[in-house]
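The structure under discussion appears below in the form of structure tokens.
The values are calculated or read from the model by the stated rules, or taken from the named source; none is laboratory data. Quantities reported herein were computed from a predicted structural model and do not represent experimental measurements. We place every Cβ from the backbone using ideal geometry, glycine too, and count neighbours over all the protein chains shown. Accessible surface is based on the protein model in full, side chains and every heavy atom, while ligands, DNA and RNA are left aside. Shrake-Rupley method; radii C 1.70, N 1.55, O 1.52, S 1.80 Å.
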Amino acid sequence: MRSIWIAIAAATAMLAAPASGQQWPARNVKLIVPYPAGGNVDSAARIIADKLQEKLGQPFVIENKAGAGGMIAGEAFAKSAPDGYTLFVGANGPVLFATEINKRDAYDWKKDFLPISTISMTPLVLEVHPSVQANTFKEFIDLAKREPGKLTMASPGPGTTNHLLSELMQSSLDLQWVTAHYRGNAPAINDLLGGQVQFAFDQLTVSLQHIKAGLFRALAVTSPHRLKSLPDVPTFAELGYKDFDGQTFTGLFAPAGTPAPIVDKLHETLVAILKDPAVIDKFEKLGGEATAMTPTEFKAYLEREDAKWIPVVRKANIRAD
């Protein structure tokens, strides 16, 4: 009888014990995505979810929780148990800016989010409608200075990296233009195609086809190096504007307090996934670059981005609609 009770106690202890790297995952893992299905962040999450399931033997299930610039998803994630069964695939807005723009202390990434690794980096391209009399970035600046307030920039929403880059450029170069906010990239680009607005900073995946077709003119990209898909378009750094390096990241996070063996296992697996040529190709088709960082590197990157962009948000007094 005593041996039965010992066996029961041992089994109960195993169930109650926190998950370790060896035991995890023993069931489905949820990946919270702060945007609707179909966008860059959602696509990135689905690419890695399939591969994580393949390598770790359990389903990685996407849960799209859109709203409030990603803050609804961020808040739900921050309240999750740190057991490795709820993860977050986040980007600049939901992680760094949403709480500041919405003026709500719903979560603090420095306290509530445990960075595991970046997944991808996606540069922005400064593109103009063909009616704009500027073939280079210098000509664009000269035009904006000659006619302050005449140009209109299409923004996919307040507080996006696209919008913040626009605000930083105006402040740094003493420029002035009108910002037209849209609910996402698609309507913004539709109006740029129609000439209702004159330019945009946009993710390459959305605009490459239009640039190739001659419907937009690309003047510069925010990547640290020239892009294979636009080899003739200079980087801002090449042009002497290294501060205009705004890229959108996607990254994987666990709740703060998640056991180190789980974090290590996730990181090791994700790094292997992001070296897969087929995965690299998928991200290139999204206009991004598969990019892995260590948790320490990723945290340091987020701290630099926070220090760079939060002052821009406050100086421009950016608020959610």
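Expressed as a rounded percentage, what relative contact order does the chain have, with Cα pairs under 8 Å and six or more residues apart?
Once divided by the residue count of the chain, the mean separation gives 26 percent.
Taking the 0 to 90 degree range and rounding to the nearest ten, how far is the long axis of helix 137-146 tilted relative to the main principal axis of the chain, both from C-alpha atoms?
The helix 137-146 is inclined about 60 degrees to the chain.
Under the rule that an exposed site lies in a DSSP loop and has at most 13 other Cβ atoms within 10 Å, name the longest stretch of the chain with no trypsin sites (Lys or Arg not before Pro) of that kind, not counting the sites themselves.
Longest site-free region, per DSSP loop and neighbour criteria: 28-78.
Just in the stretch 56-114: which GluC sites (Glu not before Pro) are loop by DSSP and have at most 11 other Cβ atoms within 10 Å?
none
With a cut-off of 8 Å between alpha carbons and a minimum separation of six or more residues, what is the relative contact order of the stretch 173-235 in percent?
Computed over the stretch 173-235, the figure is 19 percent.
How big is the stretch 244-315 in terms of Cα radius of gyration and Dmax, in angstroms?
Computed over the Cα atoms of the stretch 244-315, radius of gyration and Dmax are 14.6, 42 Å.
Provide, for q = 0.09, 0.13, 0.21 Å⁻¹, the log10 of I(q)/I(0) from a solvent-free Debye sum over equal Cα point scatterers in the stretch 61-212.
-0.36, -0.68, -1.30
By accessible area of protein heavy atoms, probe 1.4 Å, what ranking do Thr136, Thr152 get, highest first?
Largest accessible area first, the list is Thr136, Thr152.
What are the lysines whose alpha-carbon lies under 27 Å from the alpha-carbon of Lys103, with same-chain residues fewer than 8 places away excluded?
Within reach: Lys65, Lys79, Lys111, Lys299, Lys308, Lys315.
In the stretch 57-209, carbon and sulfur make up what percent of the accessible area (probe 1.4 Å)?
The computed percentage sits at 47.
For the chain, what proportion of DSSP beta bridges, expressed in % and rounded to the nearest 5, is antiparallel?
Around 60 percent of the beta bridges assigned by DSSP in the chain are antiparallel ones.
Rounded to the nearest 20 debye, what is the charge dipole size of the chain about its Cα centre when +1 sits on each Lys and Arg Cβ and -1 on each Asp and Glu Cβ?
With Lys and Arg at +1 and Asp and Glu at -1, about 440 debye.
222 nm [θ] for the chain, helices only, -39500 (n - 2.57) per DSSP H run of 4+, per residue, to 500?
Helices in the chain give a 222 nm mean residue ellipticity of -13000 deg cm²/dmol.
Over what distance in Å are the Cα centres of the stretch 176-203 and the stretch 96-155 separated?
12 Å
Report the relative contact order of the stretch 128-232, percent, no decimals, based on alpha-carbon pairs under 8 angstrom and at least 6 residues apart.
The value is 35 percent.
Over all directions, average the projected area of the Cα convex hull of the stretch 197-321 and note it in nm².
Taking a quarter of the hull surface, the average projection is 10.5 nm².
So if I take the centroid of the Cα atoms in the stretch 240-277 and the same for the stretch 53-70, what is the distance between those two points in Å?
That distance is 15 Å.
I need the shape label for the stretch 220-281. Rule: rounded when a/c is under 1.5, else prolate if a/b > b/c, else oblate, with a, b, c from the alpha carbon gyration tensor.
Judged from the Cα gyration tensor, the stretch 220-281 comes out oblate (a/c at least 1.5, b/c at or above a/b).
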